[in-house]
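Peer 1: Input: one structure, supplied below.
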Amino acid sequence: MKRKRPNFFYHLHQPNFHKREGSFFYSFGLGFTAAFLFAALILTGILEVFYYVPSSAEANQSLQVITYLVPYGSLIRGIHYWAGQLLLGVAILHMLRVVLTGSYKRPRRFNWLLGLVLLVLVLFANFTGYGLRWDEDVAWALLVGTNLLKTVPWVGDALFQVAVGSSTIGEQTIVRFYGWHIYGLSLIALFFVGWHIFRVRRDGGISTSPKEIPFPKIPRDEVIQKEVIGMFVISILLVALALLFPPGLSAAADFNNIPEDATAPWFFIWIQLLLRNGNALLMGVIVPSVVLLLLGLVPYLLDRSGSEEGTGIWFNKKGRIAQITVLVIILGITTLTLIRVFSQ
């Protein structure tokens, strides 16, 4: 009997997995979930491009058409919206899992940086996608978020013009955001996703230390079966969220009449609270930059064990400083977000 040749998807996986890596209760499937959500974003985004018009006069109206007139348009838009929101949450949890299990240690230190770049790209892709709604709910965030660039010494005005396409927010802004969202962020993120996945396999898996070879193995067929089940579960969840909690859409934005209760998107609410209690440059640019720098230093300065010791072990002692630092950062951002939400 002729043996069936494995397909492309099959070859994306290494022949054998460490038994620990294949366990759901070790990785919780967070990396795979993030990749699948990103694929859902790309697919639904392509479908929306056929109807979306990047114009200050027609952007909001074209989304109304997608939502209420295009067959299944509301469902597609809802899936796109929720895939983006869930991707951010899953990416943060994935990062936390990597830190708490020491999976950023050698030889995976560079892949940690790739993952961090991906997180930043996803954050700004969500923000530019948020701005493309061009409705009353995004006006404040768009105005304040872009004006933060002007506070950067020496290059602030140039950065602002690169971001919005002009010296003021207007017609060029939505065209520029459209370009950033699709070409400047999403396509670049797609490249980094492929690079990130390639490095996972090249580095020997998500958490295996060379000292563990030979290690208890499970075949990739078993892992693929779990991933297929995961695809169905995530797809059902996205459809349910899109139907039960469709994304809102208000009237077209009026930057001369911003509502007093305007707020930032949930992933930048913590920065909004900081801005209301301090200097714009310090709170809106320097503090987030320091947070990002600390995260980037996790495998280089905050865990200086210099070896793979502790890789794949939850709360390993060698990575205690890195674990505490990341937990404090996430707890601080979460606390600021909740304070702002419940104070409204």
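Any read-out appearing in this document is the output of simple, stated calculations on the displayed coordinates, not a laboratory observation. This is a predicted model, so every value here is computed, not measured. Cβ sites come from the backbone with ideal geometry, for glycine too, and all protein chains shown count toward neighbours.
Peer 1: Could you check the simple spin-label distance between Phe50 and Ile330, using points 7 Å along Cα→Cβ, in nm with one decimal?
Peer 2: Here the modelled spin labels are 3.9 nm apart.
Peer 1: Can you list the trypsin sites (Lys or Arg not before Pro) in region 250-344 that are in a DSSP coil and have 15 or fewer other beta carbons within 10 angstrom?
Peer 2: In loop regions of region 250-344 (DSSP not H, G, I, E or B), the sparsely surrounded trypsin sites (Lys or Arg not before Pro) are Arg276, Arg304.
Peer 1: Still on this model: Taking R0 as 25 Å, what FRET efficiency do you get between Ile218 and Leu244 from their Cβ-Cβ distance, rounded to the nearest 0.05?
Peer 2: 0.10
Peer 1: Considering the convex hull of the alpha carbon atoms of region 47-119, report its projected area averaged over all viewing directions, in nm², one decimal.
Peer 2: Mean projected area of the Cα convex hull: 6.4 nm².
Peer 1: What is the Cα centroid distance between region 229-293 and region 117-195, reported in whole angstrom?
Peer 2: Centre-to-centre (Cα) distance: 13 Å.
Peer 1: Also, quick follow-up: Jot down the per residue volume, in cubic angstrom and as a whole number, of the convex hull over the alpha-carbon atoms of region 233-272.
Peer 2: That works out to 114 Å³ per residue.
Peer 1: OK, next. For a Förster distance of 30 Å, can you work out the FRET efficiency between the beta-carbons of Asn147 and Arg109, rounded to the nearest 0.05?
Peer 2: 0.25
Peer 1: Something else: Taking Cα atoms, how many degrees apart are the long axis of helix 136-147 and the longest axis of the chain, rounded to 10 and kept between 0 and 90?
Peer 2: So the inclination is approximately 80 degrees.
Peer 1: Just subtract the alpha-carbon distance of Leu190 and Ile42 from 0.36 nm times their residue separation and send over the number in nm, one decimal.
Peer 2: 52.4 nm
Peer 1: What FRET efficiency comes out for Phe342 versus Gln64 if R0 is 25 angstrom and r is the Cβ-Cβ distance? Round to the nearest 0.05.
Peer 2: Plugging the Cβ-Cβ distance into 1/(1 + (r/R0)^6) gives 0.20.
Peer 1: Kirkwood hydrodynamic radius of the chain from all distinct Cα pairs, in Å?
Peer 2: Taking the inverse mean of 1/r over all distinct Cα pairs, the chain comes out at 21.9 Å.
Peer 1: Relative to the longest principal axis of the chain, what angle (0 to 90°, nearest 10) does the C-alpha long axis of helix 320-343 take?
Peer 2: 30 degrees
Peer 1: Then there is this: Could you sort 76-86, 263-273 so that the peptide with the highest average Cβ count within 10 Å comes first and the rest follow in order?
Peer 2: 76-86, 263-273
Peer 1: Separate question: What's the angle, to the nearest 10 degrees (0 to 90), between helix 220-244's Cα axis and the longest principal axis of the chain?
Peer 2: 20 degrees
Peer 1: If you build the Cα gyration tensor of region 198-322 and take the root of 5 times each eigenvalue, what three semi-axes come out, in whole angstrom, biggest first?
Peer 2: Values for region 198-322, descending: 40, 29, 10 Å.
Peer 1: Could I ask something else about it? Could you work out [θ]222 nm for the chain from helices alone, using -39500 (n - 2.57) per DSSP H run of at least four and dividing by all its residues? Round to the nearest 500 deg cm²/dmol.
Peer 2: The per-residue figure over the chain is -19000 deg cm²/dmol.
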